[in-house]
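Let me begin by presenting the structure, written as structure tokens, before commenting on it.
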Amino acid sequence: MAFYNFGVWSLVFQNIFFNFFKFIFFYFHNKWKPSFTFNISSFKKLFDFGWKLLVSGIMNQIYMNIYYVLIGKIFSAENLGYYTNAKKLKDISSQFISNSVQKVSYPVLSNFDDRDDLLKKAFKKIIKNTVFSLFL
């Protein structure tokens, strides 16, 4: 589509086609199939915990993005662009380290599923080393 001058629509359709083919692949290669049954007791149990996470996530997003609104209202779009790019540049190293640690630590910590004392000890060690590397 980009070759035939569709412009930015080629990026839109690339994303749509990628997710469509990913869905097809997962549907045919996954043994678990969703069932369309609704269990009210399971919903109540999960919602009792989940609504707190939802409210916390909404409040976090408002707090994290209120600066963009304020800077955009008070200053020019150019200054907002400078602020946005500076924030991305500042956060990229910590995000890289955090994502790397998360991907490695989950399989390691899952080995301690029945031993809470070892799990706490390993988790504290991971947090300490991560914080040390972030503040270094």
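The values are calculated or read from the model by the stated rules, or taken from the named source; none is laboratory data. Just so you know, these numbers come straight off a predicted model, no measurement behind them. Cβ placement follows ideal geometry from the backbone for every residue including glycine, while neighbour counts extend to all protein chains displayed. Note: accessible area is taken over every heavy atom of the protein model, side chains too, but ligands, DNA and RNA are not part of it. Shrake-Rupley method; radii C 1.70, N 1.55, O 1.52, S 1.80 Å.
Descriptive notes on the structure:
- Pair list, Cβ < 6 Å and 6+ apart or interchain, from the stretch 105-127 residues that are without any contact (Cβ under 8 Å) to a residue 40 or more places away in the chain to residues that are assigned to a helix (DSSP H, G or I) and of a type in the set (S, T, N, Q): Ile126/Ser105
- Conditions (1) under 20 Å from the mean Cα position of the chain (by Cα); (2) modelled with pLDDT of 90 or more: number failed by Gly81: (1)
- Residues that are surrounded by 11 or more Cβ atoms within 10 Å (Cβ to Cβ) and either modelled with pLDDT of 85 or more or among the basic types (Lys, Arg) (or both), drawn from the stretch 112-130: Arg115, Leu118, Leu119, Lys120, Lys121, Ala122, Phe123, Lys125, Ile126, Ile127, Asn129, Thr130
- Criterion violated by Phe123 - all others in (1) in contact with a helix residue (DSSP H, G or I) (Cβ under 9 Å, 6 or more places away or on another chain); (2) part of a loop (DSSP other than H, G, I, E, B); (3) not hydroxyl-bearing (Ser, Thr, Tyr) satisfied: (2)
- Residue in the stretch 46-69 that is touching a helix residue (DSSP H, G or I) at 6+ places or on another chain (Cβ under 9 Å) and either touching a residue at least 24 places away in the same chain (Cβ under 8 Å) or more than 28 Å from Leu134 (Cα to Cα) (or both) present: no
- The condition of being part of a helix (DSSP H, G or I), under 24 Å from the mean Cα position of the chain (by Cα) and surrounded by 10 or more Cβ atoms within 10 Å (Cβ to Cβ) holds for only one of Phe43, Phe49, that being Phe43.
- Residue among Leu80, Leu109 that is among the aliphatic types (A, V, I, L, M), under 30 Å from Tyr68 (Cα atoms), open to solvent by less than 70 Å² (accessible area, probe 1.4 Å) and part of a helix (DSSP H, G or I): Leu80
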